[in-house]
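Below: the structure, in structure tokens.
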Amino acid sequence: QVQLVESGGGLVQAGGSLRLSCAASGRTPSRYAMGWFRQAPGKEREFVTAIRSDGGSTSYADSVKGRFTISRDNTKNTVYLQMNSLKPEDTAVYYCAAARGPYVSTLQGDFGSWGQGTQVTVSS
């Protein structure tokens with residue numbers, strides 16, 4: 001089991017930037033792909049982005065391509081989500097998740113460990 005703690009959420013104006021962090025601990029976090037998901041009020045949780053265990057491959061939802069960047073530092077067991085050009089529709093609780101294996105997936109069922117979430121609010 002991998003324990004995950006997100007940080008970095010907050011309130012930002014449209015067009016602004018935020019960087020989320022996800023600190024991982026427990027069962028060798030560097031062995032697992034990591035992902036970010038989000039859930040807006042009244043909506044289902046959705047995939048945002050994911051990164052392979054070695055950082056060599058990434059995947060993004062179409063809605064965030066070109067604006068968000070996922071990265072990881074395995075020496076610090078930390079995953080980052082840099083969010084630029086934020087829009088009001090990016091408002092959501094953002095969750096960090098650890099996959100069950102090393103490869104990128106967009107499916108929530110492939111992720112076995114989840115953080116508690118961090119709120120991101122983008123004002124217009």
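The values are calculated or read from the model by the stated rules, or taken from the named source; none is laboratory data. Everything numeric in this text was worked out from a predicted model, so none of it was measured. Note: ideal-geometry Cβ built from the backbone for every residue, glycine included; neighbour counts use all protein chains shown. Calculation scope for accessible area: heavy atoms of the full protein, side chains included, ligands and nucleic acids excluded. Shrake-Rupley method; radii C 1.70, N 1.55, O 1.52, S 1.80 Å.
Normalise the Debye intensity by I(0) for region 33-86, one equal point scatterer per Cα, no solvent, then take log10 at q = 0.17, 0.27 Å⁻¹ and round to two decimals. Relative scattering, expressed as log10 I(q)/I(0), comes to -0.54, -1.10.
Between ARG100 and GLN116, the distance separating the two model label sites (each 7 Å from Cα on the Cα→Cβ line) works out to 2.7 nm. FRET efficiency for the LYS65 to SER30 pair, using the beta carbon distance and R₀ = 30 Å, is estimated at 0.70.
At a probe radius of 1.4 angstrom, the accessible area of region 1-73 per residue rounds to 51 square angstrom. Taking TYR32, TYR94 and ordering them by how much accessible surface each has at a 1.4 Å probe, largest first, produces TYR32, TYR94.
Run the accessible area of the chain with a 1.4 Å probe and give the carbon-and-sulfur part as a rounded percent. Within the chain, the accessible surface is 45 percent carbon and sulfur. For region 1-102, the fraction of C-alpha pairs more than 24 angstrom apart is 18%. Ordered by 1.4 Å accessible area with all protein chains kept, VAL93, VAL48 run largest first as VAL93, VAL48. A prolate overall shape is assigned to region 1-54, the ratio a/c of its alpha-carbon gyration tensor axes (a ≥ b ≥ c) being 1.5 or greater and a/b exceeding b/c.
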